[in-house]
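Working notes for the structure below.
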There are 2 protein chains.
Amino acid sequence: MPPMTARIREFLRDRRPEGPCLVVDLDVVRRKYLSFARTMPDTRIFYAVKANPAPEILKALAELGSCFDTASVAEMQMAFAAGATADRISFGNTIKKERDIATAYAMGVRLYAVDCEAEVEKIARVAPGSKVFCRILSDGADAEWPLSRKFGCDPEMAPSVLEHAHRLGLEAYGVSFHVGSQQRNTKAWDAALAAAAGIFREMAERGIRLKMVNLGGGFPTKYLNEVPSVEAYGQAITDSILAHFGNDLPETIIEPGRGMVGEAGVIKAEVVLISKKSADDQVRWVYLDIGKFGGLAETMDEAIRYPILTERDGDAMEPCIIAGPTCDSVDVLYEKTPYALPISLEIGDEVLITGTGAYTTTYSAVAFNGFDPLKAYVI
Amino acid sequence: MPPMTARIREFLRDRRPEGPCLVVDLDVVRRKYLSFARTMPDTRIFYAVKANPAPEILKALAELGSCFDTASVAEMQMAFAAGATADRISFGNTIKKERDIATAYAMGVRLYAVDCEAEVEKIARVAPGSKVFCRILSDGADAEWPLSRKFGCDPEMAPSVLEHAHRLGLEAYGVSFHVGSQQRNTKAWDAALAAAAGIFREMAERGIRLKMVNLGGGFPTKYLNEVPSVEAYGQAITDSILAHFGNDLPETIIEPGRGMVGEAGVIKAEVVLISKKSADDQVRWVYLDIGKFGGLAETMDEAIRYPILTERDGDAMEPCIIAGPTCDSVDVLYEKTPYALPISLEIGDEVLITGTGAYTTTYSAVAFNGFDPLKAYVI
């Protein structure tokens with residue numbers, strides 16, 4: 001279970017914020033950063049801003065020396081506002097408008113992700129001389145939130161993409177991949193690293209020396225199940241790099257998002273209604289004031305099962321269907337696998353949804369059903 | 001296909017708005033309202049504000065005499081701001097905080113949805129004497145966007161919920177149901193109306209005379225397939241009411257949302273990237289600057305297939321996978337059933353996604369990946 005920190009408990013007790021809200025404990029974020037930095041001392045850390053772009057989080061990480069993986073010009077501006085310099089920012093989205101690349105270049109950003117020749121050509125036109133890394137497909141097996149084929153090209157295509165960049169005056173800098181979010185298998189990086197090493201060799205034969213492997217994210221948050229430690233991931237990845245690259249080690253970077261901030265956040269919510277649909281219904285419906293459109297989008301397909309704490313934990317439990325407050329029938333959090341909550345739970349009770357520091361505030365809808373987006377307090 | 005109106009074409013040509021945006025033609029909304037009003041002259045129309053709460057839309061409908069189905073206090077405030085009076089507002093969400101019911105009552109709202117005794121008790125405490133209608137489950141068969149069991153109780157339970165309301169001093173006013181959104185079978189209302197008539201009879205035997213049947217929404221938007229006309233729905237519903245209620249006709253209300261505004265809106269978007277994942281890939285990936293998190297959430301499970309117009313329609317077509325611009329692998333719009341687009345389509349081309357007037361702007365995320373929420377222009 002992710003931590004329910006004393007600082008968050010005190011904040012909620014003293015401030016009693018109205019309505020559903022996320023509270024993030026910066027101490028947990030800082031500890032996570034230091035844990036990544038200590039475990040992988042030769043790897044640069046690019047925090048994936050999209051996981052939670054709260055200014056306080058970006059500032060704390062910038063102060064610790066973090067770099068930033070950004071998906072858009074707006075995220076770059078946030079990283080700059082937090083004190084990052086251009087050399088610590090990567091434009092990691094493989095899908096970029098040419099005018100956004102031009103804006104990034106004007107701000108000094110020189111590191112770009114690509115996965116096809118058309119994207120290389122945009123960068124060559126408006127960000128001359130920049131470094132590009134080619135994202136390759138990875139199957140994401142074992143990830144709780146597996147990735148589609150949306151990003152990356154087949155590893156066999158990467159050398160021609162990188163050579164195209166080289167010919168157009170860009171620096172063919174390296175290879176990236178992503179093993180899937182919430183990846184619980186520490187060995188998942190191995191196959192992708194083998195493919196990356198193959199691309200390095202192929203490029204060397206073409207006379208182009210790649211320098212960097214971007215190991216992506218995938219580092220998990222503790223939800224209901226235990227997950228391996230940052231140290232276990234670090235060791236497995238280091239072993240794979242040594243096995244596939246030998247003594248000619250590449251520079252490496254990682255892009256933790258969920259792994260950096262997920263465990264640092266807790267959502268406070270309220271039970272709005274408890275009901276049954278018929279006199280002989282076996283399973284209660286428990287309706288909260290937060291749902292899929294208020295920040296818990298990652299319950300989609302019940303992929304991520306957040307731990308939920310109540311004031312009545314310890315009482316006898318019973319399975320429930322848990323749903324959100326909107327007039328939308330898809331706004332149901334857990335139904336296929338009902339969720340055990342105390343039988344004594346009552347309308348008006350407060351519940352704490354832990355492990356919610358990542359991919360919650362920014363997923364929330366602007367005003368669906370007139371409900372405000374998720375408020376956040378970073379302490 | 002939904003209309004691409006001359007007014008929207010002119011607006012886009014003259015204003016050339018930057019970035020993805022929705023343009024809504026109020027003339028289409030007004031025509032739809034009048035079509036509902038003409039077809040079902042004895043039925044009160046409660047526009048489902050959640051479908052699109054743009055102030056201009058609410059104002060146009062209020063001027064035509066529309067009532068409003070609201071999901072939250074904020075939506076009620078929007079309806080008031082548009083000129084509606086309290087007697088034209090229903091609090092149609094079955095999941096309400098007691099303090100929100102109290103606020104609605106203080107604003108003069110006297111019509112509330114319930115589906116269980118606990119909700120009745122909240123209303124009795126803070127909105128004494130109000131009218132309540134009990135929502136019953138309906139299986140939503142044939143709907144493109146079927147509803148879960150989230151809202152409503154089994155019809156057998158409805159009489160006890162309504163009798164509970166009566167005993168607590170509320171007016172047991174009627175029954176509601178929802179046959180599923182984008183319901184293309186005009187006969188879908190029949191089974192629910194039969195159940196409603198049964199509840200009316202059961203309540204009469206208990207000495208309580210119900211007055212109203214809320215026929216819900218479900219009226220479709222034309223997407224790629226043709227749908228029956230408003231007139232066809234009106235006729236089928238009228239026939240069912242006569243069959244099940246005989247000469248003792250209840251008051252009726254409808255709650256169109258998608259059916260009122262879906263066809264009135266067009267999203268303008270841009271092709272950001274076109275690529276293949278390997279040299280022998282058969283299907284192109286087409287990436288737009290709008291996706292699941294920018295307003296097209298209803299492409300979830302590819303449930304709704306929006307018509308997409310390009311500047312090159314008429315050229316030879318080829319199937320594509322269509323995806324959004326975010327660094328999120330679930331942000332893919334059409335993949336299971338690829339979508340045919342012109343082979344000549346190019347990066348930077350504008351595309352028009354029609355039938356997008358409902359359930360787009362408010363579904364959009366606050367700032368996922370740093371992208372702005374969907375902008376809207378109501379003309």
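Comparing A:Gly174, A:Gly19, A:Gly294, which has the greatest mean-square fluctuation in the GNM of chain A with Cα pairs linked when under 10 Å apart? Looking only at A:Gly174, A:Gly19, A:Gly294, the biggest GNM fluctuation is shown by A:Gly19. Just so you know, the averaged projected area of the alpha carbon convex hull for the protein assembly as shown sits at 31.8 nm².
Distance from the C-alpha centroid of the stretch A:112-142 to that of the stretch A:160-174: 9 Å, rounded to the whole angstrom.
Partner shielding of B:43-54 amounts to 1, given as the average count of beta-carbon atoms from other chains within 10 Å of each residue beta-carbon. Using a Gaussian network model of chain A in which every pair of alpha carbons under 10 angstrom is joined by a spring, one finds that among A:Thr43, A:Thr299, A:Thr337 the greatest mean-square fluctuation is at A:Thr337. For A:Thr85, inter-copy separations between label points set 7 Å beyond Cα along the Cβ vector come to 6.8 nm, shortest first. The angle between the Cα long axis of helix A:230-245 and the main principal axis of chain A comes to about 20°, on a 0 to 90 degree scale. Set the Förster radius R0 to 56 Å, insert the Cβ-Cβ distance between A:Asp313 and B:Asp315 as r into 1/(1 + (r/R0)^6), and round the FRET efficiency to 0.05. Given R0 = 56 Å and the Cβ-Cβ separation, E is 0.35.
At a Förster radius of 25 Å, what calculated FRET efficiency corresponds to the Cβ-Cβ distance of A:Asp27 and A:Glu350, to the nearest 0.05? Once the sixth-power term is evaluated, E becomes 0.65. Any idea what angle helix A:26-39 forms with the longest principal axis of chain A, computed on alpha-carbon atoms, 0 to 90 degrees, nearest 10? So the helix axis and the longest Cα principal axis differ by about 40 degrees.
Label-to-label distances for A:Asp280 across copies, nearest first, come out at 5.9 nm, using points 7 Å from Cα in the beta-carbon direction. Rounded to the nearest 10 degrees, the inclination of helix A:117-126 to the longest alpha-carbon principal axis of chain A is 80 degrees. If you take the Cα centroid of the stretch A:329-379 and the Cα centroid of the stretch A:63-96, the two points sit 29 Å apart. With the convex hull drawn around the C-alpha atoms of the stretch A:264-314, the volume per residue stands at 133 Å³. Only Cα pairs under 8 Å and 6+ residues apart enter the sum, and on that basis the relative contact order of the stretch A:26-261 stands at 21 percent. Based on Cα atoms of the stretch B:26-261, Rg over Rh with Rh as the Kirkwood radius reads 0.94. Label-to-label distance, B:Arg167 versus A:Ser278, with points set 7 angstrom from Cα along the beta-carbon direction: 2.2 nm.
Note on the stretch B:251-314 and the stretch A:209-283: Cα centroid distance 31 Å, given to the nearest whole angstrom.
Across the identical copies, the label point of A:Arg206 (7 Å from Cα in the Cβ direction) is separated from its matches by 7.6 nm, in order from shortest.
Computed from the coordinates by the stated procedures, all read-outs in this text should not be read as laboratory data. In this text, all values refer to a predicted model and were calculated from it rather than measured experimentally. Ideal geometry is used to build each Cβ from the backbone, glycine not excepted, and the neighbour counts take in all protein chains shown.
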